[in-house]
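Beneath this line is the structure, given in structure tokens, with notes to follow.
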Amino acid sequence: MITVIVLSERLDAVLPAAALPALRTAKAVYAGEGVAAEFWSTLGVDGPAPAVVEDGAVVIATSAEAYPGAVVITTPEPMGAALLDAAAVMHRLRSPGGCPWDAEQDHQSLRQYLVEETFELLEAIEDGDRAAMREELGDVLLQVLFHARVAAEDPSDPFDIDAVASELVAKLVGRHPHVFEGHDPAVHDATSQQHRWEELKQVEKRRESSVDGVALGQPAVALAAKLVQRTKRAGLPVDLLPEDDDTGTTLFAVTALAKIAGEDPETELRQVCRRFAANVREAEAKARAEGADSLTAEDWRRFWPS
């Protein structure tokens, strides 16, 4: 019986730990398909695999197809290995000889796609459509890879996807001392962790206000909810929230009441909007089925879902 150790195509000359017993007792170690000669000494290879490999020998290759019936030991891919492929594809598309459209884009031209893909992902989540979620998460990831690749070409302040990922890792580790440093007395449940996250963020970013860092360009309901969330954590009394009888203040008040009650007003409003849109489509479909091209007020009431 021969043993085939299948190397990862992403990890040059890295042997899985499970292969060590077989290598220690092997009669010979050969290099098979996909293993460059430059790695032979690193892998302990005796030479290229012969046409017929004797029992007790080990073949190191990137595929076991040529050795049916062999004992196969594979190299586990590290978590996130496919992200390397995604970054490589984006690099190829943006590089000379790649896609002309991709090469023409910049941060400003890509903004609309980031917004569109985010809302498409949100819709997939609301629909509970797992296949759509997987696809839309990929589309959002594409936007991150695309912006990072464009940023790498900036002549004065370049950064790449590795810099983005490294900064994210530092942020996650720094804001979870109870996980990565063993203990944080301020954290004992999910709620206290949320408060601790904001405290650490404020210190880290040297913010002077509880509302610093709130993105003012987000949808108005989400913006109002975020402002209420931040100021509530800062201890702002509710009687200092905006009060007036104009439309904007009324909407803010409703949003504030929902957020204080622990609800997400943006999600709640979106659900109402989706139900309303579905009712409109159903009424219009019923009207078309009866030959109506346009609907009067009475028609709308007659065909409206009960």
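The values are calculated or read from the model by the stated rules, or taken from the named source; none is laboratory data. Because the structure is predicted, anything quoted here is derived from the model rather than measured. Note that we place each Cβ from the backbone using ideal geometry, even for glycine, and neighbour counts take in every protein chain shown. The protein model used for the area step is the full one, side chains on, heavy atoms only, and it has no ligands, DNA or RNA in it. Shrake-Rupley method; radii C 1.70, N 1.55, O 1.52, S 1.80 Å.
Cβ under 12 Å from residue 116's Cβ, residue 116 left aside: what net charge do those residues give with Lys, Arg +1 and Asp, Glu -1? Write down the numbers at each step before the final one.
Numbers: positive: 111; negative: 117, 120, 123, 136, 139.
Around residue 116, the charge tally is -4.
Calculated FRET efficiency, residue 299 and residue 278, Cβ-Cβ r, R0 22 Å, to nearest 0.05? Write down the numbers at each step before the final one.
Working: r = 18 Å, r/R0 = 0.82.
That pair, residue 299 with residue 278, gives E of 0.75.
Put simply, the amide H of residue 74, placed in the peptide plane, has neighbours under 5 Å in 6, leaving out anything fewer than 5 places away on its chain. Annotation for the stretch 43-136: GluC sites (Glu not before Pro) lying in DSSP loop with at most 13 further Cβ atoms inside 10 Å of their Cβ are 54, 65. Derived scalar couplings between HN and Hα for the stretch 68-80 equal x, x, 6, 6, 10, 10, 9, 8, x, 6, x, 4, x Hz in order, rounded to whole Hz, by the Karplus curve 6.51 cos²θ - 1.76 cosθ + 1.60 (θ = phi - 60°), x for Gly and Pro. Under a 5 Å amide H cut-off, with hydrogens placed 1.01 Å from N, residue 30 pairs with 46, 58, 59, 60 among residues at least 5 apart or on other chains.
In this structure, the amide hydrogen of residue 13, modeled 1.01 Å from its nitrogen in the peptide plane, lies closer than 5 angstrom to no residue at least 5 positions away or on a different chain. Each residue of the stretch 56-65 was assigned a 3J(HN,Hα) from its phi angle through the Karplus expression (A = 6.51, B = -1.76, C = 1.60, θ = phi - 60°), giving x, 8, 10, 10, 9, 8, 9, 7, 9, 4 Hz with x at Gly and Pro. Converting phi to 3J(HN,Hα) with the Karplus coefficients 6.51, -1.76 and 1.60 and the offset θ = phi - 60°, the stretch 168-185 yields 5, 4, 4, 5, 5, 5, x, 9, 10, x, 5, 9, 9, 10, x, 6, 9, x Hz in sequence order, with x at every glycine or proline.
What GluC sites (Glu not before Pro) does the stretch 201-306 have in DSSP loop regions with at most 12 other beta carbons within 10 Å?
When the GluC sites (Glu not before Pro) of the stretch 201-306 are filtered for loop state and at most 12 Cβ neighbours within 10 Å, 208, 243, 290 remain.
In this simple spin-label approximation, residue 127 and residue 176 carry label points 7 Å from Cα along the Cα→Cβ vector, and these lie 3.1 nm apart. Excluding residues fewer than 8 places away in the same chain, name every one of the aspartates and glutamates whose C-alpha is closer than 13 Å to that of residue 286. The reachable aspartates and glutamates, counting only those whose Cα sits under 13 Å from residue 286, are 299. The C-alpha atoms of the chain define a longest principal axis, and helix 265-289 lies at about 80 degrees to it. Per residue of the chain, the DSSP helices (runs of n ≥ 4 H) give a summed -39500 (n - 2.57) that works out to -17000 deg cm²/dmol at 222 nm. In the stretch 1-149 the Cα-Cα distances spread across 5 Å bins starting at 0 as 2, 9, 14, 13, 11, 8, 9, 9, 10, 8, 5, 2, 0 percent of all pairs. Size descriptors for the chain (Cα atoms only): Rg and Dmax, in that order, 29.2, 89 Å. Using C-alpha pairs below 8 Å separated by at least 6 residues, the relative contact order for the chain is 10 percent. Summary value for the stretch 16-102: 29 percent relative contact order, contacts being C-alpha pairs under 8 angstrom separated by 6+ residues.
So what is the relative contact order of the stretch 245-306, in percent, for Cα pairs below 8 Å that sit 6 or more residues apart? Computed value for the stretch 245-306: 26 percent relative contact order.
Calculated accessible area for the stretch 173-306 comes out at 69 Å² per residue, all protein chains present (probe 1.4 Å; ligands, DNA, RNA ignored).
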